[in-house]
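The values are calculated or read from the model by the stated rules, or taken from the named source; none is laboratory data. Note that the coordinates shown come from a computational prediction; the quantities given were computed from them, not determined experimentally. Don't worry about glycine lacking a Cβ; one is built from the backbone with ideal geometry, like all the others, and counts go over all protein chains shown.
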Amino acid sequence: MTQAQISREEIDAVLPTVSATIADALGCDVDEVTPDASLIDDLDAESIDFLDMVFRLERAFKVKIPRGKIVENARGALTEAEFEQNGIVTDVGLKQLRDYLSEVPADRFKTPTKVKDIPRLFTTTTFAKLVIAAQRESGVKA
Amino acid sequence: MADHFAAFSFVDRITEYEPGRRARGRYAIPPRIAAFPSCLVAEAVGQLAAWVSMAHIGFRGRPVAALANETRFLAEARPGDTLDLAVDVESCDDEAVAYGGRAMVDGNDAIELVDCLGPMLPVEDFDSPQAMAARFELILGEGAPPGRFGGVRPPTVVRTGGERGVSATASLSVPESAPFFRDHFPRRPVFPATLLLDAQIRFALELAGEAAHWAAGTRPLPSRMTHVKMRAFIPPGAMLEIGAELGPPSGSMATVRLSARMDDKTVATARLEVVAKET
């Protein structure tokens, strides 16, 4: 997924539905689901919620989002060994991660970053970008 | 093990089968048991979907905890009835199965499940993959002998607080032992989500029945359940705190928000729509 090529306009087009869908999945007020909200740290999402959100977004946008491959996709062209060592994201991996998650405020990237903590970085906008990537994949226009 | 595939297994036979896609099956509710709650009818539909999905991935994984976007309660099933089960699997892989389905009694819909999702976990953590595969061959072929389910006793629920007709909390004691734990599951006993939901529905109906809103001669009954989400496994002997909040009624309908907590962590959430019907 080349998230860097996703425009602000594309994100704004899907964000209201993405936010409403996430709010429905988490049982929270849609006002809490801000574009920068960390789904785990701010909205208390758990792994089952991620599955739920993806499931609902697939229905809302009629696309197929590869479940469980978000972290794998974040690795981009890097090999697993290049991206992480002993569960810690390498320097080159962290640069790739920052590029991939360009919507995430810089101060949320910790050094060192544990691979298992990568989902903590995901925001509402991250999921909006996933939807857009899936739309492009399936040829559906936003 | 006498209770394995008996004490909490609700598919006797698969009558039509398209691998990885859809199936139809049957379950004969034993006539001697006291009741067969609607949640167990939903369990039967879910189990048929589980068989299709497990077979599709070679019994490496099984769906355990669940998300059910919508369950429609259409009619009750009674002891002695035969459930005709049908499931359509939308997608299935090593990570999750997405499906919908229904159960019918005498040609009439009893329950419908819409947009359900079951995360897959390793079968071997819960049961013998070989035993599961052999059971699948049995129900796909000649079928399993019916009538082996002995019923379940509802867990003890003791009200602890709340405001009459508005909200309520209660403690729910999961039994330390019960036959269903030896079927659900032999290697890791888990309190079935559908039994928790059944207890929560009873609790919600008690709360809703206290509201003064309903017309004379009517009482609220479950219409549909939405946003069912199981977040954790509930072991034998667990003590849960369940909660119910009745939303403002609209006409003859109202929604009850349900929750269950264990060790200060939310383990299950759901919403129950109730509709007042003449008694």
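Identify the residue in segment B:90-109 that is in a strand (DSSP E or B) and more than 14 Å from chain A (Cβ to nearest Cβ) and, among all such residues, is nearest to B:Pro30 (Cα to Cα). Among residues in segment B:90-109 that are in a strand (DSSP E or B) and more than 14 Å from chain A (Cβ to nearest Cβ), the one nearest to B:Pro30 (Cα to Cα) is B:Val105.
For A:Phe55, the stated conditions hold: it is among the hydrophobic types (A, V, I, L, M, F, W, C), in contact with a strand residue (DSSP E or B) (Cβ under 7 Å, 6 or more places away or on another chain) and within 14 Å of another protein chain (Cβ to nearest Cβ).
Taken over segment A:5-53, the criterion of being on the phi > 0 side of the Ramachandran plot and either among the basic types (Lys, Arg) or in contact (Cβ under 8 Å) with a residue 12 or more places away in the chain (or both) is satisfied by A:Asp44 alone.
In segment B:52-85, the qualifying residues are those that are of a type in the set (Val, Ile, Thr) and part of a loop (DSSP other than H, G, I, E, B), and the one that is modelled with the highest pLDDT is B:Ile57.
For A:Pro66, indicate whether it is away from chain B (no Cβ under 14 Å) and either free of Cβ contacts under 8 Å to residues at least 12 places away in the same chain or out of contact with any Asp or Glu (no Cβ under 6 Å at 6 or more places or on another chain) (or both).
Working: away from chain B (no Cβ under 14 Å): no; either free of Cβ contacts under 8 Å to residues at least 12 places away in the same chain or out of contact with any Asp or Glu (no Cβ under 6 Å at 6 or more places or on another chain) (or both): yes.
No.
If you go through segment B:163-182 one residue at a time, do you hit one that is among the aliphatic types (A, V, I, L, M), in contact with a Leu (Cβ under 9 Å, 6 or more places away or on another chain), under 19 Å from B:Ser38 (Cα atoms) and in contact (Cβ under 8 Å) with a residue 60 or more places away in the chain? Among the residues of segment B:163-182, not one is among the aliphatic types (A, V, I, L, M), in contact with a Leu (Cβ under 9 Å, 6 or more places away or on another chain), under 19 Å from B:Ser38 (Cα atoms) and in contact (Cβ under 8 Å) with a residue 60 or more places away in the chain, which makes the answer no.
Of A:Lys116, A:Lys110, all but one fail to be loosely packed, with under 13 Cβ neighbours inside 10 Å and either modelled with pLDDT of 90 or more or in a helix (DSSP H, G or I) (or both); the exception is A:Lys116.
When A:Asn86, A:Asn73 are checked against the criterion of being at positive phi, more than 14 Å from every other protein chain (Cβ to nearest Cβ) and not hydrophobic (A, V, I, L, M, F, W, C), a single residue qualifies: A:Asn86. Restricting attention to segment B:92-122 and to residues that are among the small types (Gly, Ala, Ser) and over 17 Å from B:Arg62 (Cα atoms), the residue that is surrounded by the fewest Cβ atoms within 10 Å (Cβ to Cβ) turns out to be B:Gly107.
The residue that is nearest to the other protein chains (Cβ to nearest Cβ), among those in segment B:214-230 that are surrounded by fewer than 17 Cβ atoms within 10 Å (Cβ to Cβ) and in a loop (DSSP other than H, G, I, E, B), is B:Ala215.
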